[in-house]
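**Q** First the structure, then my questions, so here it is.
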Amino acid sequence: MSLHVSLRSAWPRSWLVCLDLQREFVVPGRPLFQPEAAAVVGACGRIIRRARHDGWNIVHAHRRRPDGLFGKTGLFSAPIEGLRPLISEPIFVREALSAFANTDFGSTLSQARGDDVYLIGFSLADSCLATALDAIDEGLRLNLVADALGRGGSSTTAAETASGLKPYVRLVSSSKICAQASELTP
């Protein structure tokens, strides 16, 4: 067991940003539902379980608005079952597109400079894109987990949107992250 702990501390700490893991994106018939939602939720679940097992810093950012979609009392703005934050994982609420619109989120993520930051979640064409661009501007080493990103109402595929960021971020898959993490565990 002590060998396992010492190996972990020798590696840079990883961060996981869980963006908009809210029911609005996964309930059939809702305006932002997409057919690939179940596959995205599965990939997000694998990444979250791996990150928790390996002791990553995990933060959640949820969208809230005074009314309409993501309203404060809306049933569909609640976290997705199975992807709910643990009590130890902070949730940053914002009204704007980028998670960095919440200054506490930005302050927390400033601690991630030099570490790998992985982004998963929904609303790739707007919130994920805005957050990714702000993360790049903040000098963070950003990794988009391609199969754990849902387009959230956009007609553009996740792969098309993510490929536009390829010069600035690394694109990875949930299976690759889980496989690499297993290789590092003694």
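**Q** Of all residues in the range 75-118, how many are in a helix (DSSP H, G or I), touching a helix residue (DSSP H, G or I) at 6+ places or on another chain (Cβ under 9 Å) and among the hydroxyl-bearing types (Ser, Thr, Tyr)?
**A** Of the range 75-118, the ones in a helix (DSSP H, G or I) are 75-77, 99-101, 103-112.
Subset that is touching a helix residue (DSSP H, G or I) at 6+ places or on another chain (Cβ under 9 Å): 75-77, 99-101, 105-106, 109, 112.
If we keep only those that are among the hydroxyl-bearing types (Ser, Thr, Tyr) as well, we get 77.
Result for the range 75-118: 1.
**Q** Related question: Are any of the residues in the range 97-104 modelled with pLDDT under 95 and of a type in the set (Phe, Trp, Tyr)?
**A** Checking the range 97-104: not a single residue is modelled with pLDDT under 95 and of a type in the set (Phe, Trp, Tyr).
**Q** If you take the residues in the range 131-149 that are small (Gly, Ala, Ser) and under 13 Å from the mean Cα position of the chain (by Cα), which one is modelled with the lowest pLDDT? Talk me through it step by step, then tell me what you get.
**A** Taking the range 131-149 as the starting set, the residues that turn out to be small (Gly, Ala, Ser) are 132, 135, 139, 146, 148.
With the extra rule that they be under 13 Å from the mean Cα position of the chain (by Cα), the set shrinks to 132, 135, 146, 148.
On the way: Ala132: 93, Ala135: 96, Ala146: 88, Ala148: 92.
Taking the candidates together, the pick is Ala146.
**Q** Right, something else. Sort out which residues of the range 136-151 are over 22 Å from Arg49 (Cβ atoms) and either among the hydroxyl-bearing types (Ser, Thr, Tyr) or surrounded by 24 or more Cβ atoms within 10 Å (Cβ to Cβ) (or both), and write them in order of number. Even if it seems obvious, please write down each step before you answer.
**A** Initial filter on the range 136-151 (over 22 Å from Arg49 (Cβ atoms)): 136-141, 151.
Within the range 136-151, Arg151 is the sole residue that qualifies.
**Q** Give all pairs with beta carbons closer than 7 Å in which a residue from the range 1-27 that is crowded, with 23+ Cβ neighbours inside 10 Å meets a residue that is at pLDDT below 90 and among the polar types (S, T, N, Q); count only pairs at least 6 apart in sequence or on separate chains.
**A** Listed by first residue and then by second, the contacts come to Leu19/Ser127; Asp20/Ser123; Asp20/Ser127; Gln22/Ser77; Glu24/Ser77.
**Q** With respect to the numbered conditions (1) more than 23 Å from Phe105 (Cα to Cα); (2) of a type outside the set (Asp, Glu); (3) modelled with pLDDT under 90, which one is the sole condition not fulfilled by Thr73?
**A** The single condition Thr73 does not satisfy is (1).
**Q** Would you confirm whether or not the range 56-67 contains a residue that is modelled with pLDDT under 95 and either over 28 Å from Leu140 (Cβ atoms) or touching a His at 6+ places or on another chain (Cβ under 6 Å) (or both)?
**A** The answer is yes, given that some residue of the range 56-67 is modelled with pLDDT under 95 and either over 28 Å from Leu140 (Cβ atoms) or touching a His at 6+ places or on another chain (Cβ under 6 Å) (or both).
**Q** Going through the range 164-186 one residue at a time, which ones are modelled with pLDDT of 65 or more and farther than 19 Å from Asp134 by Cβ?
**A** Going through the range 164-186, the residues modelled with pLDDT of 65 or more turn out to be 164-180.
Listed by number, the residues that qualify are Val172, Ser173, Ser174, Ser175, Lys176, Ile177, Cys178, Ala179, Gln180.
The values are calculated or read from the model by the stated rules, or taken from the named source; none is laboratory data. Being a predicted model, the structure only gives us computed values, none of them experimental. Note that each Cβ is placed from the backbone with ideal geometry, even for glycine, and that neighbours are counted across all protein chains shown.
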